[in-house]
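Okay, structure first, notes after.
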Amino acid sequence: MIDNVLSIRNLSISFQENLTTNTVLFDSNFDLQRGSTLSLVGESGSGKSITSLSIVSLLPLNAIIKGSIIFNKKELIGLNENELQKIRGNKISFIFQEPMTSLNPLHTIEKQIGESLTFHQKLFGKEKRNKVIELLNKVKVANPELRLKDYPHQLSGGQKQRVMIAMALANKPDLLIADEPTTSLDVTIEKEIIDLLMELKRTENMSIIFITHNLRIVRQISDTVCVMQNGKIIEKGSTKDIFQFPKTKYTQELLKASPKGFKDRISTDKTKILKLEELKVWFPIKRGFLRRIKGFIKAVNKISFELLRGETLGIVGESGSGKTSVALAILKLINSEGSIFFKNQNIRKYKKIDNLAFRKHAQIIFQDPYGSLSPKMTIEEIIGEGLDVHEKRNKQERFEMICDILVEVGLEKNMVSRYPHEFSGGQRQRIAIARALILKPTLLILDEPTSALDVSVQLQVVELLKSLQKKYSLTYIFISHDMALIRSVSDKIIVMKDGVVIEQNITKKLFSSPGSLYTRNLIHASGLK
Amino acid sequence: MFHSYLSKRRIQNFKSNKRAFWSLIIFCFLFFISIFSEFLANERPLIIKYKDSFYFPVFSFYSETTFGGDFKTEAIYKDIEVQCLIISGGKEECWDFPEKIIKETNNITQSSDKGWIIWAPIPYSYNTINDLDGAAPSSPDYQHWLGTDDTSRDVLARIVYGFRLSVFFAILVTLISSVIGITAGAIQGYFGGWIDLSFQRLIEVWGATPSLYIIIIVAAIWQMNFWLLVFLMSLFSWTALVGVVRAEFLRARNFEYVRAARALGVSNYKIMSRHILPNAMVATLTMLPFIVTGAIGSLAALDFIGYGLPASYPSLGELTLQAKNNLQAPWLGFSAFFTFAIMLSLLVFIFEGIRDAFDPRKIFK
């Protein structure tokens, strides 16, 4: 007989605001067997998280839930708060995306893990402490006895997520809901966490609902997959079936969306666009009454490279490795030492007027398209802002240029008077590209331009960037943590770790014969070898 | 700015808060009326018809000789003789039997010489000293609806003018201190570093200065007036906003769209005003109610202890002081209490509604 831990039948969720009802989940059905893993896959806003939150009624007050959720043969919809409390954190546990914010910064690890032990199992004192140590051992935190009194800020991102998992496991849950648990982690740590979850699933005989947009992980861990789009489950089946014979067009697109292959070289003249010599970004650490400089945080330590017109340099590394500091230093947005030559001129010596001219030629596109556009300005104002600074045009000309550039990046002319919130992430990133491109720059720095976007949109944006590069022979510096993506766009690659260049080589050589263990690990963790 | 989705949502949210919405309407109505206090409470008539021509004493000066009197000074419209002159068209007999002449003239229905007077609904100004039968303060009656104070001035007229003065004072102080506070906070937060550090120390010293003593000292040197008091109050209330605005700017200067604007070469001033300021407005708006009600309260308190505006101003604080000194005349106390209670409650309700409307987590049904 099939033992279902969870069955969801005809589940619909809608939100009510100001007399309008906004339905976010339509008529969903799925079952989860004991000891198996179900993945919910879909882009942001497709209803994945809402579905998981509704299981334990953690939705905002204005949500209207219809349908049935049966957990361990018990209907969960309509239960009162007391009964839900017994299930939440006890039989059903959660792991959230952001380990930084899901742990309370003011409590020690012991206290946070112990809290639910006291609440659900009535454990106190020594017994509780032993249990906490046992749990920390289980999630493979080194030296758990010494970690008990640590506060969250003393742990790394991966360790925090391990602590979160320990908290989730505390009461031997039947169901673990993991909502994008590795999205904010680096690839090498991501792999460790996934391995840990798989092992725990086996030893504890848990069921897992795994919410993610990363298909590589899905393939690795799940037994069944539900593909979601716009609040509907459009396809479900065993992992093998979905990956081998995707039925819907959307799933096929998702599967295709991971970047492959290498970049074709663009042959252009050999003008040197950018040359860095021993660039350093050091932030001083000041202490004491006189604020004397006691030391430096070396965000970037001695990086040198040369870039020709039409080339792409990929900078790859985990978070905190100093990638973004390099970009900001090149644009003179933060202070740095060493020399930066832009078209054979040292920009350090630039006076105010040269500086303005330099700003026109070097542009940046940021990671988060939601954060990089002023929410209170129209698209016309956002794109036109650079023009107003550098090339005064009359109203008609200005408007035409803005329309042209919008079409160029794949948007429509009639969007000029709209506000950023009306656009999707991919469209916003196109607007950001338009804003940079309207000044006809020679150098474009792309700081993780696709990592905040959904997979299917990622590829479109990368394609757009590639075609623009070909058309205007632009020079790119492409910053990313995604090895597959970096491989597909760059001519040469710099691998960075803790502000230091680990390796620097032409793309093909770097991937065929990585010169350092770190690079090899990165390539391996990304599943490219 | 009002077209964006967010603003629409906020206006919608504000409207759905019935108490705040009606408070706003009532307050706007009261304030609008009080702007025209001169037409509402005035010892001079609004319009006079005298010998075929019209006169508007509210706006201009007319001497008694205009109406056939003897004095070159301004006509005292309250005097029965002057009224008689106007109505009868300047008859000499008015000096002896004014009541009789008025009666006679009124009995004649058809006469081109017949004049008339239209009074304001409250025919006293805030500084009109009335002739009373008894001793001042006199209790409410049909002539003086809220009674008179201890210098026999009409309380209702003083409240009408006092309300206007308080609100104007509060608005001016709020405007001036917002402009200074936002500018100072913006500069500190945006540039940070040494500018921020030294400004912060300056503000600490400034904030620790006892403003009351400064006002007392200044009042001892110069004759206090409305504008001087606005200046002094603004001088000490702008620091309230600096903190929040500075915090917003410190936060927002690292936003990606601000970085993007800097990468485009946009000037600091434009980045501050166009990109960051709209973010800081929400925080500023939540601080404003404290400044507005604080300004009204301080004005009243200063008037109460006698260091505020001179006695010639229609001050609500002074009314409160009179109430304290004349406990036998409870209408003074009640009038002052209800005026403050209604004015401040309305303001608090309005600002509460505004703050809630800006709160993204608040759900309105």
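The values are calculated or read from the model by the stated rules, or taken from the named source; none is laboratory data. No experiment lies behind these values; they were computed from the predicted model shown. Cβ placement follows ideal geometry from the backbone for every residue including glycine, while neighbour counts extend to all protein chains displayed. Accessible surface areas use protein heavy atoms only, side chains included; no ligands, DNA or RNA. Shrake-Rupley method; radii C 1.70, N 1.55, O 1.52, S 1.80 Å.
One table, with the values for the structure above:
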quantity: Options B:8, B:78; residue that is within 30 Å of residue A:417 (Cα to Cα) and free of Cβ contacts under 8 Å to residues at least 60 places away in the same chain; calculated: B:8
quantity: Selected residue [assigned to a loop (DSSP other than H, G, I, E, B) and buried (at least 20 other Cβ atoms within 10 Å of the Cβ)] from B:126, B:161; calculated: B:126
quantity: Whichever residue in the range A:78-94 is of a type in the set (A, V, I, L, M, F, W, C) and out of contact with any strand residue (DSSP E or B) (no Cβ under 9 Å at 6 or more places or on another chain) and, among such residues, is surrounded by the fewest Cβ atoms within 10 Å (Cβ to Cβ); calculated: A:84
quantity: The range B:237-266 - residue that is open to solvent by 40 Å² or more (accessible area, probe 1.4 Å) and away from chain A (no Cβ under 14 Å) and, of those, nearest to residue A:385 (Cα to Cα); calculated: B:250
quantity: Which numbered condition residue B:94 misses (of (1) touching a Cys at 6+ places or on another chain (Cβ under 7 Å); (2) on the phi > 0 side of the Ramachandran plot); calculated: (2)
quantity: Residue tally, condition surrounded by 17 or more Cβ atoms within 10 Å (Cβ to Cβ) and free of Cβ contacts under 8 Å to residues at least 40 places away in the same chain, over the range A:136-150; calculated: 4
quantity: Residue match in the range A:333-353 (condition: out of contact with any Lys or Arg (no Cβ under 7 Å at 6 or more places or on another chain), without any contact (Cβ under 8 Å) to a residue 24 or more places away in the chain and aliphatic (A, V, I, L, M)); calculated: yes
quantity: Subset tally (residues that are of a type outside the set (Gly, Ala, Ser), within 12 Å of another protein chain (Cβ to nearest Cβ) and within 29 Å of residue B:282 (Cα to Cα)) for the range A:365-400; calculated: 17
quantity: Residue within the range B:283-306 that is under 13 Å from residue B:182 (Cβ atoms) and within 14 Å of chain A (Cβ to nearest Cβ) present; calculated: no
quantity: Per-region count, the range A:113-128, residues of a type in the set (Lys, Arg), open to solvent by 100 Å² or more (accessible area, probe 1.4 Å) and touching a helix residue (DSSP H, G or I) at 6+ places or on another chain (Cβ under 7 Å); calculated: 0
quantity: Residue among B:276, B:305, B:291 that is open to solvent by less than 10 Å² (accessible area, probe 1.4 Å), at pLDDT 85 or above and farther than 20 Å from residue B:25 by Cα; calculated: B:276
quantity: Residues within the range A:464-485 that are within 23 Å of residue A:406 (Cβ to Cβ) and of a type outside the set (A, V, I, L, M), tallied; calculated: 8
quantity: Count of the range A:448-468 residues which are over 20 Å from residue A:229 (Cα atoms) and open to solvent by 10 Å² or more (accessible area, probe 1.4 Å); calculated: 5
quantity: So residue A:424, is it open to solvent by 50 Å² or more (accessible area, probe 1.4 Å), closer than 27 Å to residue A:272 by Cβ, of a type in the set (S, T, N, Q) and free of Cβ contacts under 8 Å to residues at least 40 places away in the same chain; calculated: no
quantity: Meets criteria (open to solvent by 40 Å² or more (accessible area, probe 1.4 Å), modelled with pLDDT of 85 or more, within 20 Å of residue B:267 (Cα to Cα) and acidic (Asp, Glu)) for residue A:380; calculated: yes
quantity: Residues of the range B:229-281 classified as part of a helix (DSSP H, G or I), aliphatic (A, V, I, L, M) and within 21 Å of residue A:355 (Cβ to Cβ), total; calculated: 7
quantity: Failed condition for residue B:89, given (1) surrounded by 13 or more Cβ atoms within 10 Å (Cβ to Cβ); (2) under 22 Å from residue B:153 (Cβ atoms); calculated: (2)
quantity: Those residues of the range B:32-72 which are out of contact with any strand residue (DSSP E or B) (no Cβ under 6 Å at 6 or more places or on another chain), closer than 18 Å to residue B:164 by Cβ and open to solvent by less than 40 Å² (accessible area, probe 1.4 Å), in sequence order; calculated: B:34, B:37, B:42, B:58
quantity: Residue tally, condition in contact (Cβ under 8 Å) with a residue 40 or more places away in the chain and open to solvent by 10 Å² or more (accessible area, probe 1.4 Å), over the range A:223-249; calculated: 8
quantity: Among the candidates A:429, A:367, A:396, residue that is open to solvent by 20 Å² or more (accessible area, probe 1.4 Å) and in contact with a Ser or Thr (Cβ under 9 Å, 6 or more places away or on another chain); calculated: A:367
quantity: Residue within the range A:293-301 that is among the basic types (Lys, Arg) and in contact with a strand residue (DSSP E or B) (Cβ under 6 Å, 6 or more places away or on another chain) present; calculated: yes
quantity: Within the range A:336-364, tally of residues that are in a helix (DSSP H, G or I) and either away from chain B (no Cβ under 12 Å) or touching a Leu at 6+ places or on another chain (Cβ under 9 Å) (or both); calculated: 7
quantity: Criterion (open to solvent by 10 Å² or more (accessible area, probe 1.4 Å), of a type outside the set (D, E, K, R) and under 21 Å from residue A:318 (Cα atoms)) met by exactly one of A:445, A:477, A:494, A:502; calculated: A:502
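Here is a yes/no grid of residues against (1) within 14 Å of chain B (Cβ to nearest Cβ); (2) within 24 Å of the chain's Cα centre (by Cα); (3) over 20 Å from residue A:200 (Cβ atoms); (4) of a type in the set (Ser, Thr, Tyr):
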{"position": "A:37", "(1), (2), (3), (4)": "no, yes, no, yes"}
{"position": "A:78", "(1), (2), (3), (4)": "no, no, yes, no"}
{"position": "A:81", "(1), (2), (3), (4)": "no, no, yes, no"}
{"position": "A:85", "(1), (2), (3), (4)": "no, no, yes, no"}
{"position": "A:93", "(1), (2), (3), (4)": "no, yes, no, yes"}
{"position": "A:98", "(1), (2), (3), (4)": "no, yes, yes, no"}
